[in-house]
Amino acid sequence: MPGALEGLRVLEICDEKGQFCGKLMADNGADLIKIEPPGGEACRNFGPFMDDVPHRERSLSFWHYNTSKRGITLNLETKQGQDILKQLAATADIVLESRKPGYLDSLGLGYDVLSADNPSLIMCSLTPYGQTGPWRDYVSSDITQMAGGGQMASSGYDDVDVPNPPPIAPGGGNSWHIGAHYSYIGIMAALYYRFLTGEGQYIDASIHEACALTTEGAIAIYLSTGDVVQRHTGRHAAPDMSPAIQFPTGDGGWLNTTRSGTNLTPQRLKLLSEWFDQSGMADDLTDERYQDPEVIATENDHIVQVMKNFFMNSTLMDSFHGGQQRDFPWGAIRSMDELVGDDHLIDREFFKEVEHPELGRTFTYPGPAALFNGSPWRISRRAPLIGEHNSEILQGELGLTNGQMLLLAEGGII
């Protein structure tokens, strides 16, 4: 069955900032042509590399973010390269780009030019700070976006665990994912608008603004109360000192209890005490006095100590599943090797095997976040090699001859 975006043609002119947005469309069935400079995008140099051998065709990062795409090389700073892009844009539904603000405009490849003969064209420019504003031309990186967007201010340890704790960045690439997700949402909204009106439009997407929208309640809390949230170890940032929610288990694991140890109602504490009592570890929590909310609040520290003792005499999985069976929203803190072997993900066929025919091997890739029963998500091909589809697209679709292709190659156009 066709994917949800089957029949759409997308041109992607993106580095690491926008390639995930392209992947989201390509894996959903769009015919996405990735346009790279001759020699390939610089993000092909990002490690890790297959078998730890650095090479522009062996970047595992590039592989992941560029599945299901076809790829050509094109020097857009040449007249011939610009003419070819215009030809491709005339047949495209979407152009996605993440070059510096104004760069494509300076080459005569802005939205006004590309949409002149294709008024239904949708173009999305994803840049660090947008096409306007005092920071328009600032350069950035993933970590500076995490800092400037507010995420780092909410991430790290609290004073109880680390005196005067510094902010800590989340894992790599978060800001690019956030910006790419919002760009994807914007493009889907523009497609719906086009469906209703027949008109395309230009989308100015800012990673900084996308990050500022993704700070949980930090902005809303400040706007409502004037309070600035504080970093708390392993849990939501909050204006006040929220209680710890993570507990070590006897087998060396860690359990996240999502504040269940302090926001306990009498009914929920009764469930816990009965469970703990099965192992003789309820202490005095089965006493009827704990059915009084005021007693629970007064004895909170004692209750937490009983919980800690129970978990230290249990395994991570027993604690995790035991809590879930009693409707406590607890979760095991997993390492990557545990996640890859997750029986739930395996049962839902999350992991996909992707062939790399030039290597004679298949590799395991992460799959979709949702299952579509009528328009399935799929990885249709591994990431393109540098210029892999030059002939297929430039000759097979645009009609260039062998002689023209040779001249383009010799002139550094492709």
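The values are calculated or read from the model by the stated rules, or taken from the named source; none is laboratory data. Remember, predicted model here, so these are calculated numbers, not experimental data. Virtual Cβ from ideal backbone geometry, glycine too; neighbours counted across all protein chains shown. Calculation scope for accessible area: heavy atoms of the full protein, side chains included, ligands and nucleic acids excluded. Shrake-Rupley method; radii C 1.70, N 1.55, O 1.52, S 1.80 Å.
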For this session: Inspect all residues belonging to region 64-76 and state whether any of them is within 28 Å of Gly399 (Cα to Cα), open to solvent by 10 Å² or more (accessible area, probe 1.4 Å), at pLDDT 95 or above and assigned to a loop (DSSP other than H, G, I, E, B).
Result: yes
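What residue, among those in region 324-340 that are at negative phi and of a type in the set (D, E, K, R), is most open to solvent (accessible area, probe 1.4 Å)?
Asp337
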Problem set entry | Count of region 385-406 residues which are part of a helix (DSSP H, G or I) and surrounded by 14 or more Cβ atoms within 10 Å (Cβ to Cβ) | 7
Seminar exercise, completed: Condition set of a type in the set (Val, Ile, Thr) and outside any strand (DSSP E or B), scope region 82-108, selection farthest from Arg136 (Cα to Cα): answer is Thr91
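Yes or no, residue by residue, for (1) touching a helix residue (DSSP H, G or I) at 6+ places or on another chain (Cβ under 7 Å); (2) among the hydroxyl-bearing types (Ser, Thr, Tyr):
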position: Thr258; (1), (2): no, yes
position: Leu271; (1), (2): no, no
position: Gln278; (1), (2): no, no
position: Met281; (1), (2): yes, no
position: Leu285; (1), (2): yes, no
For this session: Report yes if Ser59 is closer than 17 Å to Ala383 by Cβ, among the small types (Gly, Ala, Ser), in contact (Cβ under 8 Å) with a residue 40 or more places away in the chain and open to solvent by less than 10 Å² (accessible area, probe 1.4 Å), otherwise no.
Result: no
For this session: Report the residue count in region 103-135 for those that are closer than 25 Å to Gly149 by Cα, touching a residue at least 40 places away in the same chain (Cβ under 8 Å) and open to solvent by 70 Å² or more (accessible area, probe 1.4 Å).
Result: 2
Seminar exercise, completed: Residue hits (region 25-53; aliphatic (A, V, I, L, M), surrounded by 19 or more Cβ atoms within 10 Å (Cβ to Cβ) and in contact with a Ser or Thr (Cβ under 9 Å, 6 or more places away or on another chain)) are Met25, Ala26, Ala30, Leu32, Ile35
Exercise. Hey, does region 291-307 have a residue that's open to solvent by 60 Å² or more (accessible area, probe 1.4 Å), touching a helix residue (DSSP H, G or I) at 6+ places or on another chain (Cβ under 6 Å) and outside any loop (DSSP other than H, G, I, E, B)?
Worked result: yes
For this session: Take the residues in region 24-49 that are touching a residue at least 60 places away in the same chain (Cβ under 8 Å) and either in contact with a helix residue (DSSP H, G or I) (Cβ under 6 Å, 6 or more places away or on another chain) or of a type in the set (Lys, Arg) (or both), then tell me which one is farthest from Ala180 (Cα to Cα).
Result: Arg44
For this session: Run down Asp343, Asp347 and say which single residue is at pLDDT 95 or above and either surrounded by fewer than 15 Cβ atoms within 10 Å (Cβ to Cβ) or out of contact with any Pro (no Cβ under 9 Å at 6 or more places or on another chain) (or both).
Result: Asp347
For this session: Go through Gln267, Gln246, Gln278, Gln305 for me and flag whichever is closer than 17 Å to Asp161 by Cα and of a type outside the set (Asp, Glu).
Result: Gln246
Seminar exercise, completed: Per the filter on region 67-124, residues of a type in the set (Asp, Glu), touching a helix residue (DSSP H, G or I) at 6+ places or on another chain (Cβ under 7 Å) and more than 23 Å from Lys23 (Cα to Cα) are Asp117
Exercise. All but one of (1) farther than 30 Å from Gly374 by Cβ; (2) in contact with a Gly (Cβ under 8 Å, 6 or more places away or on another chain); (3) open to solvent by less than 10 Å² (accessible area, probe 1.4 Å) hold for Lys17; which doesn't?
Worked result: (3)
Exercise. Cβ-Cβ below 9 Å, separation at least six or inter-chain, first residue in region 332-347 and of a type in the set (Asp, Glu), second open to solvent by 80 Å² or more (accessible area, probe 1.4 Å) and part of a helix (DSSP H, G or I): which pairs?
Worked result: none
